[in-house]
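The values are calculated or read from the model by the stated rules, or taken from the named source; none is laboratory data. Everything numeric in this text was worked out from a predicted model, so none of it was measured. Note that we place each Cβ from the backbone using ideal geometry, even for glycine, and neighbour counts take in every protein chain shown.
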Amino acid sequence: QKEVEQDPGPLSVPEGAIVSLNCTYSNSAFQYFMWYRQYSRKGPELLMYTYSSGNKEDGRFTAQVDKSSKYISLFIRDSQPSDSATYLCAMSVGETSGSRLTFGEGTQLTVNP
Amino acid sequence: SAVISQKPSRDICQRGTSLTIQCQVDSQVTMMFWYRQQPGQSLTLIATANQGSEATYESGFVIDKFPISRPNLTFSTLTVSNMSPEDSSIYLCSVALFVGAEKLFFGSGTQLSVL
């Protein structure tokens, strides 16, 4: 069993839709949770960073962590064609310098105008 | 965050040859990381490169195949040696920076195709 499982997609939605991207994990020691956005032929870009359980909002993006269920989500409100990308979840036990990040395989999202 | 420049952005190479990928950061960083991203798979850490010490390789990756240099706090190279088609992948340089908390930032990647 993989440590991190991500909904594989691909996902195609109309512009303006609410998008939900999800990851589950098996390692209860994970404390730091991230979402990266990766455009085609580009490196991953850090989108959201959260520590432990709870919600974090940044503009149209909301990251949600439920440690009791070992489940994290990224919600995108009022989705735009520019949101079309692959989204990667990542998590670690400790901070980056001392702890390896474990990534999901990514969900490819297409927002259609 | 930092600007992380990676060269080349893409290359097509012949089997048995080697390719060196360069990574330049616009600020001094202690830790640099090299990742591989194969199609449909998650990012896999190849090695961690600290300036002034030997790189630390992850299970499944060896120095003879992926030699790394880290001559100073802003630069690193990864060489993919004696390439085979199985080495076709995206190779990513990344750095850890403290921006509110310690976070991982990536370069734009090198798309490698081996014929």
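Checking A:Gly94, A:Gly43 one by one, the residue that is within 14 Å of another protein chain (Cβ to nearest Cβ), farther than 25 Å from B:Gln111 by Cα and not in a strand (DSSP E or B) is A:Gly94 and no other.
Candidates A:Tyr87, A:Tyr49, A:Tyr36: the one that is modelled with pLDDT of 95 or more, assigned to a strand (DSSP E or B) and within 12 Å of chain B (Cβ to nearest Cβ) is A:Tyr36. Considering segment B:1-25, and only residues there that are assigned to a strand (DSSP E or B) and charged (D, E, K, R), the residue that is nearest to the other protein chains (Cβ to nearest Cβ) turns out to be B:Arg10.
Taking the numbered list (1) buried (at least 18 other Cβ atoms within 10 Å of the Cβ); (2) in a strand (DSSP E or B) in turn, B:Phe98 passes all entries but (1).
If you check A:Ala63 against the conditions, is it aliphatic (A, V, I, L, M), surrounded by 15 or more Cβ atoms within 10 Å (Cβ to Cβ) and closer than 24 Å to B:Arg36 by Cα? Criteria not met by A:Ala63. A single entry from B:Ser113, B:Ser108, B:Ser84 fulfils the requirement of being out of contact with any Leu (no Cβ under 7 Å at 6 or more places or on another chain) and under 23 Å from A:Tyr49 (Cα atoms): B:Ser108.
Note on segment B:26-43: residues that are surrounded by 13 or more Cβ atoms within 10 Å (Cβ to Cβ) and more than 13 Å from every other protein chain (Cβ to nearest Cβ) total 0.
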